[in-house]
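What follows is a short report on a single structure.
Only the coordinates and a few stated rules stand behind these numbers; no lab work does. Given the structure is predicted, the values throughout are model-derived calculations rather than measurements. Here Cβ is always computed from backbone atoms with ideal geometry, including for glycine, and neighbour counts include all displayed protein chains.
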Protein chains: 2
Amino acid sequence: MSRTRIQHFSISLDGFGTGEGLTREAPLGHAGERLHQWMLKTGWWHEMIGKPGGSGCIDDTLLRLFAPGIGAEIMGAGKFGPPGWQDDPDWKSWWGANPPFHTPVFVLTHRPRPSIEMEGGTTFHFLNAPPTEALAAAREAAKGHDVRIGGGVAMLRDFLAARLVDHMHLVVVPILLGRGARLWDGLEGLERGYEVEMASSAGGVTHVMFTRAN
Amino acid sequence: MSRTRIQHFSISLDGFGTGEGLTREAPLGHAGERLHQWMLKTGWWHEMIGKPGGSGCIDDTLLRLFAPGIGAEIMGAGKFGPPGWQDDPDWKSWWGANPPFHTPVFVLTHRPRPSIEMEGGTTFHFLNAPPTEALAAAREAAKGHDVRIGGGVAMLRDFLAARLVDHMHLVVVPILLGRGARLWDGLEGLERGYEVEMASSAGGVTHVMFTRAN
């Protein structure tokens with residue numbers, strides 16, 4: 001059965017998934033790269049950028065679950081580009097000519113534009129739709145495979161609050177961002193209906209897994 | 001050297017140390033006992049209440065650091081009693097005739113009263129003083145031993161913001177309380193100056209240790 005999955009979404013110990021003051025030069029605002037240092041050390045990341053080396057611990061193992069079994073992604077407007085990208089007709093995402101998705105990607109925005117086909121199998125579709133409708137479109141495109149719920153924070157909250165997420169893998173990084181977009185707002189009692197497992201890693205983060213209970 | 005220590009303070013995954021709606025009947029408000037279920041399973045707790053059994057995992061081991069080396073505690077008014085205890089001249093804490101502290105305990109309150117000597121070595125002193133002054137008094141009473149910073153949330157934040165804490169042991173419980181008193185407010189960048197270590201346990205919680213870097 002096709003599931004919805006959040007894969008390795010990093011948050012600070014105080015629950016922020018991005019910082020304050022997002023711009024084209026600082027996509028995560030004052031958080032900078034601090035939420036993702038753990039990832040940059042892994043073998044998975046090294047392969048991605050074509051460099052040898054990198055760690056092979058649980059951090060690396062869990063990152064390798066990013067692609068397998070995924071048939072489509074849904075992402076929020078805030079992940080696709082910096083504030084105001086809708087005014088730039090040439091904006092084609094942060095990820096260059098060959099984005100790392102390699103599936104259809106549905107971008108939620110109030111100002112849809114024509115689809116963009118990239119290299120490597122990624123096609124960006126633009127949808128002005130609530131979570132359930134977007135999920136129906138992504139499920140159809142995923143052809144029986146799973147749908148990744150990609151973030152950012154606001155759309156994760158929407159999908160979680162609507163109980164549309166089957167599996168969520170968060171990575172808690174031991175820093176206190178203090179401000180930005182907080183994942184947990186409005187999600188009291190979310191743990192009900194999920195099994196929750198936590199596992200700290202040698203890389204200095206804690207993986208938190210929510211898996212829908214049967 | 002005498003250090004200041006926070007020992008096994010439980011918070012929810014979204015950072016709340018108590019719930020909303022604290023009363024005499026519900027000391028932690030809507031959180032109930034959910035933040036402390038992990039503790040009730042341990043051998044340490046079983047010994048405390050005079051029952052055999054209980055687990056012996058890392059949860060138990062870390063709980064046993066509560067007393068050794070401690071010469072005094074400082075606690076906030078909200079830990080000593082329910083809202084309004086200052087109006088009850090007979091209120092002598094939640095913990096019965098023989099409280100589990102066995103040292104001088106300094107209760108921070110805007111309405112001090114005479115000290116109360118309990119059984120087992122606990123004496124409650126009442127202080128209307130800012131953190132640095134309270135700490136000076138507790139240090140003197142501790143006679144070279146460590147001072148426990150006991151909570152609740154508001155006084156922990158005050159001591160942390162003033163950089164008066166040498167060691168903090170938090171226990172992250174995988175529930176989302178959604179409301180109540182949040183430990184992390186106003187503590188952006190707290191991790192600087194500390195080494196932070198996280199360890200998930202078989203008991204289903206994650207221990208987070210802040211230790212002041214030298």
Item checked: GNM result for chain A, Cα springs below 10 Å: residue of A:Gly71, A:Gly50, A:Gly151 fluctuating most strongly -> A:Gly50
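Output the direction-averaged projected area (hull surface divided by four) of the convex hull of the alpha-carbon atoms of the stretch A:1-94, in nm². It would help to have the intermediate numbers written out before the result.
On the way: hull surface 31.8 nm².
The directionally averaged projection comes out at 8.0 nm².
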Note to self: Which residue, A:Gly50, B:Val173, A:Leu170, has the largest displacement toward the positive end of the dipole of the protein assembly as shown when charges sit on each Cβ (Lys, Arg +1; Asp, Glu -1)?
What the structure shows: A:Gly50
Item checked: Rounded to whole Hz, the Karplus (6.51, -1.76, 1.60) HN-Hα couplings of the stretch A:10-21, x for glycine and proline -> 8, 9, 6, 4, 8, x, 8, x, 9, x, 9, x
Margin query: Taking the beta-carbon count within 10 Å as an exposure proxy, list B:Met168, A:Met118 from fewest neighbours to most.
Written below: A:Met118, B:Met168
Check: Which residue fluctuates the most in chain B, going by a Gaussian network model with Cα springs under 10 Å, if the choices are B:Pro68, B:Pro82, B:Pro131?
Finding: B:Pro68
Next item on the list: With springs connecting C-alpha atoms under 10 Å apart, model chain B as a Gaussian network and identify which of B:Pro174, B:Pro114, B:Pro99 has the largest mean-square fluctuation.
Entry: B:Pro114
Note to self: Distances in nm, one decimal, shortest first, from A:Arg24 to the same residue in every other copy, taking the label point 7 angstrom along Cα→Cβ.
What the structure shows: 6.4
Notebook entry, point to check: How far apart are the A:Gly50 label points across copies, placing each 7 Å from Cα toward Cβ, in nm, shortest first?
Noted result: 7.3
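Once you sort the root eigenvalues of the Cα gyration tensor of the stretch B:152-214 as a ≥ b ≥ c, which label holds: rounded (a/c under 1.5), prolate (a/b larger than b/c) or oblate (the other case)?
oblate
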Next item on the list: Report, by chain and number, residues whose modeled amide H sits under 5 Å from the one on A:Gln7, excluding near sequence neighbours (fewer than 5 apart, same chain).
Entry: A:Ile149, A:His169
Checklist line | 5 angstrom amide H check on B:Leu190, placed H, neighbours 5+ away | finding: A:Leu176
Next item on the list: Would you mind working out the magnitude of the charge dipole of the stretch A:131-214 relative to its Cα centre, with +1 at each Lys and Arg C-beta and -1 at each Asp and Glu C-beta, to the nearest 20 Debye?
Entry: 160
Notebook entry, point to check: Going toward the positive end of the dipole of the stretch A:87-207, with +1 on Lys and Arg Cβ and -1 on Asp and Glu Cβ, which of A:Gly96, A:Gly120, A:Leu183 do you reach last?
Noted result: A:Leu183
Checklist line | Measure of compaction for the stretch A:34-182 (Cα Rg per 2.2 N^0.38 Å) | finding: 1.08
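Counting other beta carbons within 10 Å of each residue's own, what order do A:His110, B:His167 fall into, fewest first?
Details: A:His110 8, B:His167 17.
The most exposed by this proxy come first: A:His110, B:His167.
What is the order of B:Glu25, A:Glu73, A:Glu197, fewest Cβ neighbours within 10 Å to most? Could the numbers behind the result be given before it?
Values: B:Glu25 6, A:Glu73 27, A:Glu197 13.
Neighbour counts put them in this order, fewest first: B:Glu25, A:Glu197, A:Glu73.
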Check: How far is A:Ala97 from the same spot in each other copy, in nm, shortest first, if each label point sits 7 Å from Cα toward Cβ?
Finding: 8.4
Margin query: Under a Cβ-only charge scheme (Lys and Arg +1, Asp and Glu -1), can you give me the dipole magnitude of chain A about the Cα centre, in debye to the nearest 20?
Written below: 120
Checklist line | Long-range HN-HN contacts of B:Gly152 with modeled amide H, under 5 Å | finding: B:Gly76, B:Gly78, B:Lys79
